[in-house]
Amino acid sequence: MQTHVGVARKLPLFKAARHPFTSRGALVLLAAALLTFPSRAQPKPEDLGQRSIEDLMNYEVTSVSKKEQKMSQVAAAVFVITAEDIRRSGATNIPDLLRMVPGLDVGQINSNTWAVSARGFNHELADKLLVLIDGRSVYTLTFAGVTWDTQDVPLEDIARIEVIRGPGGTLWGANAVNGVINVITKKSADTQGALIATGGGTQERASATAQYGGKIAGDFSYRVFSKYLDRNHSPDLTGGDNSFDNWHLLHGGFRVDGSLSAADSLTFQGDIYSGSEGAEIIHTSIDPPENTNVRTHADLSGGNILGRWSHLSANGSETTLQFYYDRNARYGPESNEIRNTIDFDLQHRLSLGARHDVMWGVGYRLSADHTEGTIDLAYIPSARTVQIFSSFVQDEITLRPGRLFLTVGTKVEHDDFNGYDVDPSVRLAWTPSTRHTLWAAASRASRTPSRLDTAAYIGIAAFPGDDGVPREVILYGNPHQQAEHVIANEVGYRAQLSRRLSVDIASFFNTYDNIRTREFGTPFFQPVPGPARWVIPITWGNKMHGTTQGTEVSADWRVDNRWTLSPGYSLLQMHLHPDAGGQDSSSGPGTEGSNPRHQASLRSHVDLGRSLSWDTGVYFVDSLPAQAIPAYVRVDTRLSWQFGERLEFSLVGQNLLQDHHPESNDIFTIVNPSQVKRGAYAKVTWRF
């Protein structure tokens, strides 16, 4: 979202880096591998992270086709973060977990705010990435993006995170343009007994999770949990000690799973949270005309209820009905909003003959908001209710059993912002052997306008005029804003090269049109309400097009029975151009220069023996010239001791190379960015 566009801030505070993938980045990655080389000791029994690469290739995912598929047969760029990956990472939130995914750009804006996107177009509220938690969309129709500060799922309860790079609109609908992130939590039957996890340190000052799982009558089980976090403030961009961005959140929830019969299963779950966070914003005033840094805070609260019923028929067909209600309230830092959302989704899967596996479904969503604006940000009208109707059908055709699969499908969606959109796709997977998969896909996806696009009134900046009359720059929503579209072409190769080595490669070429722009209008004099001023209007438009292309590579190499290395690399090239008649000449270069061209990672896991393990993650991110952010290398490490099966103690260091460094300085953010601080914390996890 835009507030106070760089007229008042955004001086080049940091000198741009030289060539991105310089010797420093490469040497640190190499040094990390050498430093984690294990000493010889008796091997311990294999755990999840040390199972064979063949098992990893057969890992099943559900987000690509809304059914279980082996990774070796998936015709999409998919990365799975397992529960064991989460435990070993030392991360305390979902955005930091996502750093390990090649092709995802994760930039921490301040202590409580992140920018996360796939394959470009990253900013605070990245509008081309759809995020789901157990099938519930957390993409907001207000700003078009995800507010990560309220997605505080207990990491111990996450079964896996499936990340699709590339469009997912055929099944998941609008806004799944460049990717889908699906956070899948564990069934309550898998979290029986009590769990207490608590820790604290320099940045993660305090965190605690208390949870209990048990049985109900019959086949039903449950869990209940409560979670609290207290995160410290971080240094501002000038190096000052406090940017007033500390973060507190209290979160509770439950989940119930069970079988009503041999053919019927039921899930019922819910969450509730409350918290607050600080921020610095730039406040625009007219009398006198100036733009000043203001320390403020936001109060956060909300909750949701989700129910899912699945029925397996005697003929093998499967029907799933899902319902959820979500309410969230955000008071500050610039405006207030309450949003209520109701969503129904029905899908049916059936086999037609021996070669066709058909899935179809319909959905309905109603989302209503009520806002209270300020001089900095307001919506006109202040309240609106939006309805979304959707339907999809997809057929997986077996062209050659066990070897060649063709998947075709389309989704038709209607929303009150944009009208109808159609998002078709075709995918082909060829598995010449159980060790190799080649795949290709072509698809279309849409990003629908939001309240920000169509109804916002944003005070950008104010300054005195030479004639003594103030000037005010205002960004207006465009009620005729159109959807953005992408045509994506992808190819990939996934292989188990040996029992110890697997590799996954994906390349893409995307063509975009109707990309959102900022178009200048004719200045006009506004005498009332006072003081009288000249208004310089900017209006959203759809007058940019362009292409992106790139390659993403990940691998797992089991060096020996006790040491595993997981390298990753991604290359992104963006070429954006204004349409004929478009006045916005800055959005293209600004977007291109706000996404790293090169990213690389290296994760290492070492079993040291005697229940000790050491995990290290090294992440290289290229420079962001449009934001004057130099290239940086982030190093996280975790040392853990396992005392039997029930008790674990760990020490974690984060951002160890530098005392602090910036990761985002985008001029289009709600809050002023700060810097990521070096941190360390200790954690104890007890299951009983």
Worksheet item: How many residues are open to solvent by 50 Å² or more (accessible area, probe 1.4 Å) and either closer than 30 Å to ASP421 by Cα or among the aromatic types (Phe, Trp, Tyr) (or both) when one looks only at the stretch 177-227?
Response: 2
Worksheet item: Across the stretch 319-342, what is the number of residues that are buried (at least 20 other Cβ atoms within 10 Å of the Cβ) and within 30 Å of ILE397 (Cα to Cα)?
Response: 1
Fill in: Residue tally, condition under 25 Å from SER674 (Cα atoms) and either surrounded by fewer than 20 Cβ atoms within 10 Å (Cβ to Cβ) or at pLDDT below 95 (or both), over the stretch 259-277
2
Discussion item. Looking at VAL78, VAL64, VAL101 in this structure, which one is open to solvent by less than 10 Å² (accessible area, probe 1.4 Å), closer than 26 Å to LEU404 by Cβ and touching a residue at least 24 places away in the same chain (Cβ under 8 Å)?
Written reply: VAL78
Fill in: Close pairs from the stretch 455-471: first under 20 Å from TYR379 (Cβ atoms) and modelled with pLDDT under 95, partner surrounded by fewer than 19 Cβ atoms within 10 Å (Cβ to Cβ) and among the charged types (D, E, K, R), Cβ under 6 Å, at least 6 apart
none
Fill in: Top-ranked residue of the stretch 651-677 - restricted to ones that are in contact with a Gly (Cβ under 7 Å, 6 or more places away or on another chain) and assigned to a strand (DSSP E or B), ranked as farthest from LEU608 (Cα to Cα)
GLN654
Worksheet item: Looking at the stretch 406-415, is at least one residue open to solvent by 60 Å² or more (accessible area, probe 1.4 Å) and touching a residue at least 60 places away in the same chain (Cβ under 8 Å)?
Response: no
Worksheet entry | Filter result for TYR493 (touching a Leu at 6+ places or on another chain (Cβ under 6 Å) and over 23 Å from GLU372 (Cα atoms)) | yes
Worksheet item: Do we find that GLN322 is in contact with a Phe, Trp or Tyr (Cβ under 7 Å, 6 or more places away or on another chain) and either touching a residue at least 60 places away in the same chain (Cβ under 8 Å) or within 23 Å of SER382 (Cα to Cα) (or both) in this structure?
Response: no
Worksheet entry | Within the stretch 438-514, strands (runs of 3 or more DSSP E) holding 1 or more residues that are among the charged types (D, E, K, R) | 470-476, 484-498
Fill in: the stretch 297-315, subset touching a residue at least 40 places away in the same chain (Cβ under 8 Å) and of a type in the set (S, T, N, Q), residue surrounded by the most Cβ atoms within 10 Å (Cβ to Cβ)
ASN304
Worksheet item: Restricting attention to the stretch 652-688, and to residues there that are among the acidic types (Asp, Glu) and out of contact with any Lys or Arg (no Cβ under 6 Å at 6 or more places or on another chain), which single residue is farthest from ARG87 (Cα to Cα)?
Response: ASP666
Worksheet entry | Number of positions in the stretch 113-145 that are modelled with pLDDT under 95, open to solvent by less than 10 Å² (accessible area, probe 1.4 Å) and not charged (D, E, K, R) | 5
Worksheet item: Taking the stretch 450-504 as the region of interest, how many residues are open to solvent by less than 60 Å² (accessible area, probe 1.4 Å) and either hydrophobic (A, V, I, L, M, F, W, C) or within 23 Å of THR170 (Cβ to Cβ) (or both)?
Response: 24
Worksheet item: For the stretch 358-386, what are the residues that are over 24 Å from the mean Cα position of the chain (by Cα), more than 30 Å from ASP287 (Cα to Cα) and open to solvent by 50 Å² or more (accessible area, probe 1.4 Å)?
Response: TRP360, VAL362, ARG384, THR385
Worksheet item: Quick one: what pairs do we get from the stretch 207-221, first residue of a type in the set (Asp, Glu), second surrounded by 14 or more Cβ atoms within 10 Å (Cβ to Cβ), C-beta under 7 Å, 6+ apart or different chains?
Response: ASP219/GLY258
Discussion item. Between a residue in the stretch 475-489 that is over 15 Å from ILE380 (Cα atoms) and any residue that is among the small types (Gly, Ala, Ser) and assigned to a loop (DSSP other than H, G, I, E, B), which pairs come within a Cβ distance under 7 Å, given they are 6 or more apart or on different chains?
Written reply: ALA488/GLY166
Worksheet entry | Selection count, the stretch 602-622, where residues are farther than 13 Å from SER89 by Cα and either in a strand (DSSP E or B) or of a type in the set (Asp, Glu) (or both) | 7
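Conditions tested, residue by residue: (1) of a type in the set (A, V, I, L, M); (2) open to solvent by less than 60 Å² (accessible area, probe 1.4 Å).
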residue: HIS598; (1), (2): no, yes
residue: LEU612; (1), (2): yes, yes
residue: THR616; (1), (2): no, yes
residue: VAL635; (1), (2): yes, yes
residue: GLU648; (1), (2): no, yes
residue: HIS660; (1), (2): no, no
residue: PRO673; (1), (2): no, yes
residue: ARG678; (1), (2): no, no
residue: TRP686; (1), (2): no, no
Fill in: Residue satisfying all of: in the stretch 538-581; among the basic types (Lys, Arg) and over 17 Å from VAL503 (Cα atoms); least open to solvent (accessible area, probe 1.4 Å) among these
ARG562
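The values are calculated or read from the model by the stated rules, or taken from the named source; none is laboratory data. What you see is a predicted model; the values in this text were computed from it and never measured. Ideal geometry is used to build each Cβ from the backbone, glycine not excepted, and the neighbour counts take in all protein chains shown. The protein model used for the area step is the full one, side chains on, heavy atoms only, and it has no ligands, DNA or RNA in it. Shrake-Rupley method; radii C 1.70, N 1.55, O 1.52, S 1.80 Å.
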